[in-house]
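Peer 1: Quick one: the structure is below, questions incoming.
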Amino acid sequence: MKKVLSYILLGASLIVSVSSCNSNDDLGTQEIVIPGVTIDGDIDCCSAEEALQVYNFLQTVKIIPELSTVVDGKYNVFAYSKTGKFHVGYNDIYFVATKKKNGNYIKNYEISGFTPHMLMVKMNMKHSTPVGAGAESFDNNYLAVKRGWISFVMSSSENGSWTLAYNYSVLGSKGTTDEKDITVDALPDGQQWLKSFKVGNDTYYLTLVNPTDYKTGKNSIQAYVSKKSTPATTPYALASEQFVIEIDPRMPDMGNHTSPGNQSLLLQDDGSYLGNVNLTMTGRWRIHLTVKDINGNVVAGGDDLSDGYSSLYWDVTI
Ligand SMILES: [Cu+2]
């Protein structure tokens, strides 16, 4: 879609003229009113410039229609992901709140309490999955956009289906959405971005963040460690224990060669684990993991496969 051709200030609203090659839009040139963009801005949102930044950001993600909700008949909350869908493993989920009467964005609102549930049909049981605490602003250029995350442990299939609910608080109106039906796609063949390990009776999940962003060479590698809840219907929060995640990236299709300059993932103030992984060439990488406790004792991944590498690993392709 070709974007902004011209900006026209018309009365109090900024109107953008765009031409579209979109197949479901045969109108050609059309006018789109950018929410929240007025000459004076909107006291609940932003300046015209900020609102335009929100609008521009939203062109880079896709709406998840089933997660939209109307708040007290006055506000809309819209949810987005990169593809408009979810997949197994880590998913960013973005939110925007608007006023129904004029479509203007709202800056001060809260999204929290992500509650995903999978109903396992044959087993007649329900479980949840790892989630971030809530959605937060993440870019000073468009504070009205908030981001959270969910890491799905399984895909939707004939074995089970997913729902998602969340809490909202918009300009004093608070509530919880219904449990909305969502679809979680399987990962492409050969990709493994979410692993689990057990310590005693406890199950932990290792969620690799956005491995599709990796480029050839040195990448910062981010992950979360979440602990399975009791009961399993309670969303899985970040583990309270502190670990060190050692990585050993190998190319299984090329004699298991490794790369220099890799650095273990260490716990950060924001609750994530951060390290460096050096992916020296394109292709499939198996990132073998050894998880240690704060005293250096191996708690997972110390067992070797027949090939001599840890059987706990993520698989990524760049
Ligand atoms: Cu399941």
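Peer 1: Over the chain, with the other protein chains present, what is the accessible area per residue in square angstrom, probe 1.4 angstrom? Display every interim value, and only then the final one.
Peer 2: Numbers: 15270 Å² over 318 residues.
Per-residue accessible area for the chain comes out at 48 Å².
Peer 1: Follow-up question, since we're still on this one. With a ≥ b ≥ c taken as the square roots of the eigenvalues of the C-alpha gyration tensor of the stretch 103-189, please select rounded if a/c is under 1.5 and otherwise prolate if a/b is larger than b/c or oblate if it is not?
Peer 2: Values: a/c = 2.88, a/b = 1.89, b/c = 1.53.
Note, shape of the stretch 103-189 comes out prolate.
Peer 1: In Å, the Kirkwood hydrodynamic radius of the chain over pairs of distinct alpha carbons? Can you show the working numbers first?
Peer 2: Numbers: mean 1/r = 0.0462 Å⁻¹.
Answer for the chain: a Kirkwood hydrodynamic radius of 21.6 Å.
Peer 1: Compute the signed sum of charges (Lys and Arg +1, Asp and Glu -1) over the other residues within less than 15 Å, Cβ to Cβ, of ASN167.
Peer 2: On the way: positive: LYS146, LYS174, LYS180; negative: ASP72, GLU110, GLU136, ASP178, GLU179.
That works out to -2.
Peer 1: I need the fraction of alpha carbon pairs in the stretch 194-317 separated by more than 26 Å, rounded to a whole percent.
Peer 2: Working: 1482 of 7626 pairs.
That tail contains 19 percent of the Cα-Cα pairs.
Peer 1: Sticking with this structure for a sec: Between Rg and the Kirkwood Rh of the stretch 254-318, both from Cα atoms, what is the Rg to Rh ratio?
Peer 2: On the Cα set of the stretch 254-318, Rg over Rh gives 0.98.
Peer 1: Of LYS85/LYS126; LYS180/LYS218; LYS62/LYS195, which pairs sit farther than 32 Å apart, going by alpha carbon to alpha carbon? Don't skip to the end; give the middle numbers.
Peer 2: Working: LYS85/LYS126 22 Å; LYS180/LYS218 39 Å; LYS62/LYS195 27 Å.
Where the Cα-Cα span goes over 32 Å, the pairs concerned are LYS180/LYS218.
Peer 1: With a ≥ b ≥ c the root eigenvalues of the C-alpha gyration tensor of the stretch 231-282, is it rounded (a/c under 1.5), prolate (a/b larger than b/c) or oblate?
Peer 2: Numbers: a/c = 3.43, a/b = 1.98, b/c = 1.73.
Prolate, because a/c is 1.5 or more and a/b exceeds b/c.
Peer 1: Relative to the longest principal axis of the chain, what angle (0 to 90°, nearest 10) does the C-alpha long axis of helix 48-58 take?
Peer 2: Orientation of helix 48-58: about 50 degrees from the principal axis.
Peer 1: With a 1.4 Å probe and every protein chain kept in, tell me what percent of the accessible surface of the chain is carbon plus sulfur. If you can, show how the numbers build up before the last one.
Peer 2: Details: 7380 of 15270 Å².
For the chain, the apolar C and S fraction of the accessible surface comes to 48 percent.
Peer 1: Roughly what percent of Cα-Cα pairs across the stretch 150-267 reach past 19 Å? Mind dumping the intermediate values first?
Peer 2: Values: 4324 of 6903 pairs.
Distances greater than 19 Å cover 63 percent of the Cα pairs.
Peer 1: Counting other Cβ atoms within 10 Å, keep those with at most 14, restrict to DSSP loop, and tell me which trypsin sites (Lys or Arg not before Pro) in the stretch 91-180 are left. Could you put the intermediate results ahead of the total?
Peer 2: Working: sites: LYS99, LYS100, LYS101, LYS107, LYS122, LYS126, LYS146, ARG147, LYS174, LYS180; in loops: LYS100, LYS101, LYS107, LYS122.
The qualifying sites are LYS100, LYS101, LYS122.
Peer 1: Would you mind counting up the charge near SER229? Only other residues with Cβ under 14 Å from its Cβ, with Lys and Arg at +1 and Asp and Glu at -1. Mind showing how you got there, number by number?
Peer 2: Working: positive: LYS126, LYS227, LYS228; negative: ASP202.
Neighbourhood net charge equals +2.
The values are calculated or read from the model by the stated rules, or taken from the named source; none is laboratory data. Treat the numbers as computed from the prediction; the structure is a model and nothing was measured. Cβ atoms come from the backbone with ideal geometry, glycine included; neighbour counts cover every protein chain shown. Keep in mind that these areas ignore ligands, DNA and RNA; they rest on the heavy atoms of the full protein, side chains included. Shrake-Rupley method; radii C 1.70, N 1.55, O 1.52, S 1.80 Å.
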